[in-house]
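The values are calculated or read from the model by the stated rules, or taken from the named source; none is laboratory data. Quantities reported herein were computed from a predicted structural model and do not represent experimental measurements. Here the Cβ positions follow ideal geometry from the backbone for every residue, glycine too, while neighbour counts run over all protein chains shown. All accessible areas refer to the heavy atoms of the entire protein, side chains included, with ligands and DNA or RNA removed. Shrake-Rupley method; radii C 1.70, N 1.55, O 1.52, S 1.80 Å.
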Amino acid sequence: AWVALITVIALSYATLLEGSVLTEIVFSLPGLGRYITDGLLAADMNAVLGGTIVVGMVFIFLNLTSDLLY
């Protein structure tokens, strides 16, 4: 049962990271999601690409960590 539990926890955390964009815009919180959105609205593609790479690296790290914990 640990394998499924570890996978669900890792993917749930990754989903929370995706949802940060909407949450930070609605509640006016500072963070990565707000940074990406402000960069998108200001046509600052370096900020958008940087934020996207950070989110992608977190996904990779979470998946790698969950695989190593198996």
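A few comments on the model shown:
- Restricting the stretch 35-70 to residues that are in a helix (DSSP H, G or I) and small (Gly, Ala, Ser), the residue that is farthest from Ser20 (Cα to Cα): Ser66
- Residues in the stretch 5-17 that are loosely packed, with under 12 Cβ neighbours inside 10 Å, closer than 13 Å to Leu62 by Cα and of a type in the set (A, V, I, L, M): Val8, Leu16.
- Test: residue in the stretch 61-70 that is over 30 Å from Leu5 (Cβ atoms) and surrounded by 11 or more Cβ atoms within 10 Å (Cβ to Cβ): no
- Of all residues in the stretch 33-56, those that are touching a residue at least 24 places away in the same chain (Cβ under 8 Å) have Cβ atoms under 8 Å from Cβ atoms of residues that are among the acidic types (Asp, Glu), 6 or more apart or on another chain, in Val55/Glu18.
- Of all residues in the stretch 25-34, those being in a helix (DSSP H, G or I) and of a type in the set (A, V, I, L, M, F, W, C) number 3.
- Output for the stretch 18-27, where each listed residue is over 20 Å from Ile60 (Cβ atoms) and open to solvent by less than 80 Å² (accessible area, probe 1.4 Å): Thr23, Glu24, Ile25
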